[in-house]
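The block underneath contains the structure these notes are about, expressed in structure tokens.
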Amino acid sequence: MLRRNDLFLLFRMTSYKKTKEEFSRDVYEAFQAISVTSDMIHRRRHNHLLWETVDTTGYKLVGCPVSAFIVGSQVEGSTTLGMRSDTDQMYRHDYFQVVLKLGDWQTDKVNLLAFKDETTLPQFYKLCRLQPTPDGRQEYMRHPDHETDVVDEQGRVLVCNTVFDNYFKCFYEGVGVDEVVKHGPSRSYSDEFDNVTALPCHDLPEECESFFTRSRPGHWPKSETSEYARQCPVFFIPQGHPHSPLNEHKLQWRLSTSLTERKLMFDFTEEQMLVFILLKMLKKEYCKLKFGDNFSTFHIKTAMMFFIESHPPEIWHIDNIVTCATYCINTLIQFAQDNVCLHFTMSGVNLFDGKLSEPEIRELETFLINLNKNITEYICKLKMDSFGVKVLQKVHDKENNINYQTNILEKITLKVRDAQCQTVQRIYLQLSKMDVNEAVCWVFNHLTYLCGLQSEESDLHREAAEMLLPFLYGIIASIMASCITTKQPVTQDTCIIDLYQPSFECAIMSGKLKYASMLYCSGQYDQAADMLNHCEGLLGPDVAHFCGCEGRGKHLLPDTFLRKGLNTSTFDLLKTSSTSCVLFCKHELPCVPEHLRHELYRTQTQKDRKERNVFYTWMDLVVIDCEPFLYYLQYLVYRQNGNQPRKLSAMYHMMDYICHQKRLSDIARGHIDTTFHMLAHCWELEDRPDVAWHLYQQSINIYPTNNIAWAHLIRLFKKYFLRET
């Protein structure tokens with residue numbers, strides 16, 4: 001029995017009589033309706049590249065030799081909300097170097113030699129370990145260095161592609177993941193991410209050179225794109241050929257040109273991107289059940305690149321979207337008829353090999369021919385993003401279009417903010433391992449490094465530096481203030497105030513609250529009150545409150561914030577309309593109200609340690625959400641100033657905050673436990689230990705372990721209730 005929507009679709013399709021040009025314009029308008037626009041594609045790209053840059057900068061700051069790259073549909077912008085695409089992340093381990101000849105080794109790296117033998121297939125290599133000789137040369141290592149290493153017949157130590165698996169298994173078990181999610185070379189804890197370990201190759205292998213030397217018409221890729229692509233590093237990733245015997249499969253590493261392919265995708269025009277996305281939608285909806293992932297998006301991407309390269313640019317325009325899609329499908333049909341899908345950036349590689357059998361290729365050919373013959377019908381029946389209905393509709397709902405935009409914006413903005421928050425946490429944890437003098441030197445050195453990034457031509461490096469610099473200024477100011485605040489007030493004529501000033505640029509409030517906390521702890525109550533009043537004036541309906549701590553529910557982003565973001569860059573949006581957690585490490589404790597210093601010691605018992613997720617490293621810091629911290633500081637300051645009405649007002653604001661968070665969701669968001677502790681302390685100071693006891697218990701109900709509320713209950717029991725008995 002046909003449903004109402006199916007009847008509507010059937011009626012519209014039978015009454016739909018348009019030329020291919022008119023139909024292409026309707027397809028274009030449908031893409032506009034689901035926010036697949038040139039602006040949104042570029043926004044996706046910039047946000048993911050900014051995430052990548054912040055992440056990599058953070059690794060460099062803490063001395064971790066890892067570079068992060070985001071590849072695939074998310075950073076290309078070749079996805080829609082309905083596709084539910086995962087995020088492909090590649091982590092290059094820079095303490096390794098893969099060389100193609102012995103003379104290229106480096107003394108400060110773990111050197112591996114890539115080679116082929118009679119068992120390796122195109123795109124696959126074996127890697128053997130090298131070791132230095134007393135005279136400074138390199139030779140083959142003869143004794144295994146890792147439990148997974150294999151010694152071959154020539155006595156060389158070969159590195160298995162499973163070398164990192166035990167690490168991932170132990171790591172993910174530590175975060176409560178029962179089984180590592182495996183997709184090809186990816187090892188992750190969630191289907192939302194594909195995390196691939198990559199080893200850098202020192203030179204461009206011979207099979208990659210042909211991409212730059214083969215003859216082509218010349219209009220695409222552009223010469224500057226080809227020149228940039230030549231500079232892109234290539235990698236070896238841990239994956240063997242699927243048809244290799246098991247003993248050989250584990251010794252093989254696949255050559256990857258993901259960054260070259262990413263650069264080529266960035267060179268697509270808007271019309272080319274729309275054709276590619278349309279083909280992906282058709283593939284995901286109609287091919288998934290038939291071929292699974294064996295007929296992949298990469299096959300379509302390859303066909304697109306060969307087609308764009310070999311056809312004149314004049315064909316790419318809005319009225320020709322559907323026709324160009326059929327041309328690309330014809331390229332795939334030709335691949336199927338030849339049983340060969342050549343790799344675009346590597347010679348000698350057949351992308352059907354190991355993916356599709358001969359009968360499957362014939363079945364694919366039949367399906368593609370039918371798809372090409374009836375492409376209008378297939379497009380009109382697309383359910384993903386209600387795309388078919390949108391193609392058939394004459395008028396699109398503007399409000400629905402805005403909702404699409406804000407949903408996309410929310411996802412990509414959270415990624416950038418999370419990268420920033422996690423990088424800042426890594427910095428704080430690094431400092432916690434040092435003594436105070438080392439910490440001061442470390443921060444000053446890295447302030448110099450980030451200031452250098454600000455002067456680079458790249459907008460991404462400049463924005464990444466400006467997202468991290470304020471936090472470092474706040475850290476160094478707070479550490480230096482902590483060194484003297486117990487002896488004397490930090491006055492306006494000290495250089496410490498000059499260091500606090502740049503920290504005010506981190507979001508709208510975090511740095512200012514650290515400054516106000518220092519003023520309170522050093523007894524400068526009037527100045528603290530002025531700063532807190534200023535902070536309160538910054539709160540508004542368009543301000544988003546972020547928490548980047550693993551295991552804590554993310555704050556909901558207000559619709560007014562997201563709509564504001566439609567006309568504002570992500571960098572400016574986060575800077576002017578967001579808050580994030582306020583962090584303190586052990587060196588800053590004198591600048592933290594005494595009651596909150598206990599938050600540093602939430603992990604106390606064996607049970608706490610056992611149940612603590614390894615991702616929850618923030619638990620070794622004092623971490624507080626901005627808004628309740630503002631009210632808590634106001635309460636403390638006005639209590640000292642004897643301003644009873646303002647003091648009580650601040651306390652009631654904190655109570656309203658907790659009630660509001662409960663109304664938003666059943667999930668506790670941010671550091672609601674710490675908010676309970678601050679409010680409980682206020683009631684203690686009001687001489688109401690019974691209310692404080694109740695609030696500490698509520699905190700424990702939410703987080704039974706790794707919660708300092710237990711210590712507060714013991715303290716209350718000894719101070720009030722034990723005395724009464």
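The values are calculated or read from the model by the stated rules, or taken from the named source; none is laboratory data. All values reported here derive from a predicted model rather than from experimental measurement. No Cβ is skipped: glycine too gets one built from the backbone with ideal geometry, and neighbour counts run over all protein chains shown. Side chains are part of the model used for accessible areas, which takes the heavy atoms of the whole protein and leaves out ligands, DNA and RNA. Shrake-Rupley method; radii C 1.70, N 1.55, O 1.52, S 1.80 Å.
General remarks:
- Cα-Cα over 24 Å, subset of LYS290/LYS373; LYS280/LYS575; LYS301/LYS383; LYS280/LYS383; LYS222/LYS288; LYS390/LYS564: LYS280/LYS575; LYS222/LYS288; LYS390/LYS564
- For segment 347-356, backbone phi angles converted through the Karplus equation (6.51, -1.76, 1.60; θ = phi - 60°) give residue-by-residue couplings of 8, x, 10, 9, 6, 7, 5, x, 10, 10 Hz, Gly and Pro being listed as x.
- Fraction of accessible area attributable to carbon and sulfur, segment 229-333 (%, probe 1.4 Å): 54
- Under Karplus coefficients 6.51, -1.76 and 1.60, residue-wise ³J(HN,Hα) of segment 158-168 in Hz, glycine/proline x: 9, 8, 6, 6, 9, 4, 9, 5, 5, 4, 5
- Highest mean first, the peptides 89-96, 203-210, 467-474 sorted by other C-beta atoms within 10 Å per residue fall in the order 467-474, 89-96, 203-210.
- Using only alpha carbons, segment 316-370 has a radius of gyration to Kirkwood radius ratio (Rg to Rh) of 1.05.
- Rg and Dmax over the alpha-carbon atoms of segment 580-629 stand at 11.6, 33 Å.
- Shown for segment 575-633: the carbon plus sulfur share of the solvent-accessible area, taken with all protein chains present and a 1.4 angstrom probe, equals 47%.
- Accessible solvent surface per residue of the chain, calculated while the other protein chains remain in place, 1.4 angstrom probe, Å²: 44
- Net lengthening on full extension, HIS660/HIS146 (0.36 nm per residue, minus Cα-Cα): 179.7 nm
- Packing around the peptides 116-125, 137-146, taken as the average count of other Cβ atoms within 10 Å per residue, puts them in this order, highest first: 116-125, 137-146.
- When the P(r) is computed for the chain, the part past 44 Å accounts for 36% of the Cα-Cα pairs.
- nm² value of the averaged projected area, convex hull over the Cα atoms of segment 213-361: 9.8
- Surface share of carbon and sulfur [accessible, 1.4 angstrom probe, percent] for segment 389-478: 50
- Cα-derived Rg to Rh of segment 284-437, Kirkwood definition: 1.15
- For segment 23-65, the C-alpha radius of gyration divided by 2.2 N^0.38 Å, with N the number of residues, is 1.87.
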